[in-house]
Amino acid sequence: MPFIRTREFLWQEGHTAFASSKEAEEEVAVMLGFYEKVYVDLLAIPVVKGRKTEKEKFAGGDYTTTVEAFISASGRAIQGATSHHLGQNFSKMFEIVFEDPETQEKKYVFQNSWGLTTRTIGVMIMVHADDQGLVLPPRVAPTQVVIVPCGVTASLSENEKNKLLGMCRNLNVLFTEAGVRVESDLRDNYSPGWKFNHWELKGVPLRIEIGPKDMANQQVVAVRRDTGIKITLEMSGLAKSVIDLLNSIQASMLQKATNDLHEHMKVCTDWRDFCNQLENKNIIQSPFCGRVGCEDKIKNDSAKTDTECDVQAPSMGAKSLCIPFEPLRPLSPNDKCIHPECNTKPQFITLFGRSY
């Protein structure tokens with residue numbers, strides 16, 4: 001199933017109505033904060049929060065807020081979720097009114113709309129996956145730990161084999177009781193190496209390997225999916241060690257993605273530099289006047305192959321992603337709009353880039 005662009009998708013969507021614009025606008029910010037938490041706290045994906053430009057906002061709404069993620073492999077951003085304040089535009093159009101409890105007057109409601117879709121899964125896949133397959137953050141992984149018995153050879157006695165498989169089952173119970181989502185791969189028709197590849201492809205965050213020698217030494221070998229690092233863990237306190245390791249994996253994945261975002265987000269005030277940074281698969285924060293016509297020219301001209309750029313310009317021009325709530329630097333009095341032909345005073349620092 002494609003996760004980024006499809007004709008059909010599942011959508012978590014909300015529509016709300018309020019008596020005042022203040023209440024409605026407060027909820028816009030709250031919902032955007034929830035979506036930020038989905039990406040940061042669950043999916044280990046950093047996002048840039050901001051407001052859409054007039055060109056990119058939801059048609060008919062007062063304004064649109066967004067969380068934007070970044071895919072470094074392609075150098076493109078992707079809209080993660082949006083929270084719109086619709087004002088009274090649609091309530092006036094469709095006569096959506098309420099009775100004011102104090103004046104008994106009929107008044108138009110203030111509306112919001114917010115949502116995210118299954119493309120969120122696609123964002124997670126593209127941010128974290130590698131050449132071996134999926135890499136799932138522990139908090140959203142259906143299976144957080146897989147236990148694989150090793151060293152089951154022809155020379156291993158039936159009694160020793162049963163002890164080893166019994167230990168795997170005991171560990172399964174131990175982890176389950178500790179709240180860990182775990183599976184034991186006890187299939188005897190596949191080699192341990194085949195199983196390793198199988199579960200790596202599925203992105204399971206942590207693999208526990210245990211063989212006869214490990215049992216004798218009262219230890220297991222834990223292998224992280226995100227880094228491939230092997231760690232020896234003692235049986236004593238194993239459940240806590242595994243939970244700590246899962247938390248470490250979650251934090252490491254977020255930190256890696258955050259570093260990636262910061263390395264690819266540049267500040268540009270020069271048009272030639274802007275084009276070059278776009279070609280180098282970066283996203284760019286630049287002064288911008290906010291005019292729709294100027295935004296169209298930025299997109300069209302940054303896609304051209306001409307002498308204004310040091311290297312051949314990309315086939316896809318830069319579009320505005322958002323006006324960041326926390327830009328890399330504030331707007332300066334001496335700033336000029338990033339498009340060289342624009343003489344309008346810039347209104348804000350805007351994030352530009354290629355986008356899905």
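What to note about this one:
- Of residues in region 179-207 being touching a helix residue (DSSP H, G or I) at 6+ places or on another chain (Cβ under 7 Å) and under 22 Å from residue 252 (Cα atoms), the one surrounded by the fewest Cβ atoms within 10 Å (Cβ to Cβ): 180
Per-residue answers, yes or no, for (1) among the acidic types (Asp, Glu); (2) in contact with a strand residue (DSSP E or B) (Cβ under 9 Å, 6 or more places away or on another chain); (3) under 19 Å from residue 196 (Cβ atoms):
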site: 88; (1), (2), (3): no, yes, no
site: 98; (1), (2), (3): no, yes, no
site: 109; (1), (2), (3): no, yes, no
site: 112; (1), (2), (3): no, yes, no
site: 118; (1), (2), (3): no, yes, no
site: 125; (1), (2), (3): no, no, no
site: 145; (1), (2), (3): no, yes, yes
site: 155; (1), (2), (3): no, no, no
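- Sole residue being closer than 30 Å to residue 288 by Cα and either out of contact with any helix residue (DSSP H, G or I) (no Cβ under 7 Å at 6 or more places or on another chain) or modelled with pLDDT of 95 or more (or both), chosen from 56, 8, 13: 56
- Taken residue by residue, region 55-63 has at least one member that is closer than 24 Å to residue 296 by Cα and assigned to a strand (DSSP E or B).
- Listed by position, the helices (runs of 4 or more DSSP H) contained in region 179-278 that have at least 3 residues being within 20 Å of the chain's Cα centre (by Cα) are 238-263.
- Any chance residue 141 is modelled with pLDDT under 95 and among the hydrophobic types (A, V, I, L, M, F, W, C): no
- Exactly one residue among 292, 242, 221 is surrounded by fewer than 19 Cβ atoms within 10 Å (Cβ to Cβ), of a type in the set (A, V, I, L, M) and not assigned by the TED database to the domain that holds residue 340, and that residue is 221.
- Test for residue 59: is it surrounded by fewer than 22 Cβ atoms within 10 Å (Cβ to Cβ), under 29 Å from residue 278 (Cα atoms), outside the structural domain of residue 202 (by the TED database) and without any contact (Cβ under 8 Å) to a residue 12 or more places away in the chain: yes
- Scanning region 210-228 for residues that are out of contact with any Pro (no Cβ under 9 Å at 6 or more places or on another chain) and under 20 Å from residue 136 (Cβ atoms) gives 222, 223, 227, 228.
- Filter result for residue 102 (at pLDDT below 95, under 24 Å from residue 25 (Cα atoms) and in a loop (DSSP other than H, G, I, E, B)): yes
- Residue that is surrounded by fewer than 18 Cβ atoms within 10 Å (Cβ to Cβ) and touching a residue at least 24 places away in the same chain (Cβ under 8 Å), where the choices are 14, 33, 50: 14
- When 226, 188 are screened for being in contact (Cβ under 8 Å) with a residue 24 or more places away in the chain, touching a His at 6+ places or on another chain (Cβ under 8 Å) and in the same structural domain as residue 162 (by the TED database), only 226 passes.
The values are calculated or read from the model by the stated rules, or taken from the named source; none is laboratory data. Model, not experiment: these values are computed from the prediction. Every residue, glycine as well, gets a Cβ built from its backbone with ideal geometry; the counts of neighbours run over all protein chains shown.
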